[in-house]
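Worksheet: one structure, shown below.
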Amino acid sequence: MLIEIIIFLFLGTCAGIITGLMPGIHINLVGALLVSASASFLFFISPIPLIVFITSMAITHTFLDFIPSVFLGCPDSDAVLSVLPGHELLKEGKGHAAVMLTAYGGLVAVMLTVLLAFPIIFIVEKVYPLVQKFIPYILIGVSLIMIFSERKKFSSIVVYALTGILGYIILNMHALNEPLLPLLTGLFGASNLLLSIKTKTKIPKQTLEKERTDMKKPILSSLIASPLCGFLPGLGSGQAAILGNTISKTDKRGFLVLLGATNVLVMSFSFISLYAISKTRTGAAAAIHGLIGTVSGNVLALILFIVLISGIISFFLAEKLSAFFSGKINKINYTKLSLITLFILVVVVFLISGFLGFFAFIIATFTGIYCISLGVRRTGMMGCLLLPTIIIYLTM
């Protein structure tokens, strides 16, 4: 069994590298495919190695999906907010530093997950029924703070409302596969790429210097916000990051640490919630639930061990791969690279979400460009997830 665990840890890490670096490919999609084929797999292998594969893939993905977000401007749904400060640092020649800030946040989050897992289980079992009632009001408060902290308050309201309505429409298209893909890829990815192409963005030579920032505030904020999004439906790492930044305002470097920690914590807490309250909050947790149903204490201990090991491995992978991309990015034509990346995104959206998804992608892209032109922070476009979530909770 130990040899099988090592083999599937390696295979899961390799799969996480692919899903993390490939624009538009998410672990939720891979997890769904794995569950659909699990009946065949289970004839030949026990569920435990598959759980190791899913866990290691998920954690590796959460570390590496910041690389295409920073260097290419094409975010995964979990790393969508990193486009904002990450791309700014890339233009300053500090793309590697941006990725490493997220990696440091992720590494600390892995350690905290293992240390705090069992106390959190006890707290969740007691607090979960109470907190669920207040989630829409918490999100309304976060939304109001986001809107009225902007200098251009009317523009901020327009951005939040416009993206919120768009998000509600797209997420309720029941005939649309993977609605988050065209929605977030259009709003945050394609819009950013098109603007880079229009302005003929030139990427300066990148340095491998590391940036220093105070990690205490962003880590603490992510630790407070992430459990809400790891345990409750409709909330993801994007909302957790917004909530965490609302709890404690930080600069763009601290925000990247916050994002890295939040991604890992939301993913890790989803495994804990599967054990504590039998709820799936991520595609990876849903895949594990599909394989074995109820998670025992021994299985959770194994999952936490894999989270720790794969997290440490992923930190060094992020460092090496980011350094590699840093050495290459300024040697290529960024406009051509943006065009190629945009083409890949279009193909991925069309193949996964179909013609309807492609139409939603086009609308989301032009909405994103318009919202950026209004001159407010792009975090306001997270209304595309916040407003639909609020509506769902208020109408439950």
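From helices alone, the chain scores -25000 deg cm²/dmol at 222 nm; the rule is -39500 (n - 2.57) for each run of n ≥ 4 DSSP H residues, then divide by the residue total. Taking T365, T213, T113 in turn, the Gaussian network model of the chain (Cα-Cα springs below 10 Å) assigns the largest fluctuation to T213. As a rough footprinting exposure proxy, the listed residues V127, V295 were ranked by other beta carbons within 10 Å of their own, and the order from fewest upward is V127, V295. According to the Cα-based calculation, Rg over Rh for the range 2-394 is 0.94, with Rh computed by the Kirkwood formula. Taking other C-beta atoms within 10 angstrom as a stand-in for reagent exposure, H96, H289 fall in the order H289, H96, fewest first. Per residue, the average separation of C-alpha pairs within less than 8 Å and at least 6 apart gives the chain a relative contact order of 31 percent. Peptides 171-181, 266-276 ranked from most to least packed give 266-276, 171-181, packing being the mean of other C-beta atoms within 10 angstrom over each peptide's residues. Counting beta carbons within 10 Å around each of F154, F355, F188 and listing the fewest first gives the order F355, F154, F188. Largest GNM mean-square fluctuation among K126, K210, K320, using the chain with Cα springs under 10 Å: K126. When the Cα positions of T395, G86, F122 are compared along the charge dipole of the chain, G86 comes out farthest toward the positive end, with charges on each C-beta of Lys, Arg, Asp and Glu. Can you give the Kirkwood hydrodynamic radius for the range 84-197, in Å, rounded to one decimal and based on Cα pairs? Taking the inverse mean of 1/r over all distinct Cα pairs, the range 84-197 comes out at 18.2 Å. Using only side-chain charges placed at the Cβ, +1 for Lys and Arg and -1 for Asp and Glu, the dipole size of the chain relative to its Cα centre rounds to 1140 debye.
Each value in this text was obtained by applying a stated rule to the coordinates, not by laboratory testing. It should be emphasised that the depicted structure is a prediction, and the values quoted were computed from it without experimental measurement. Heads up, the Cβs are rebuilt from the backbone with ideal geometry, glycines too, and the neighbour counts pull from every protein chain shown.
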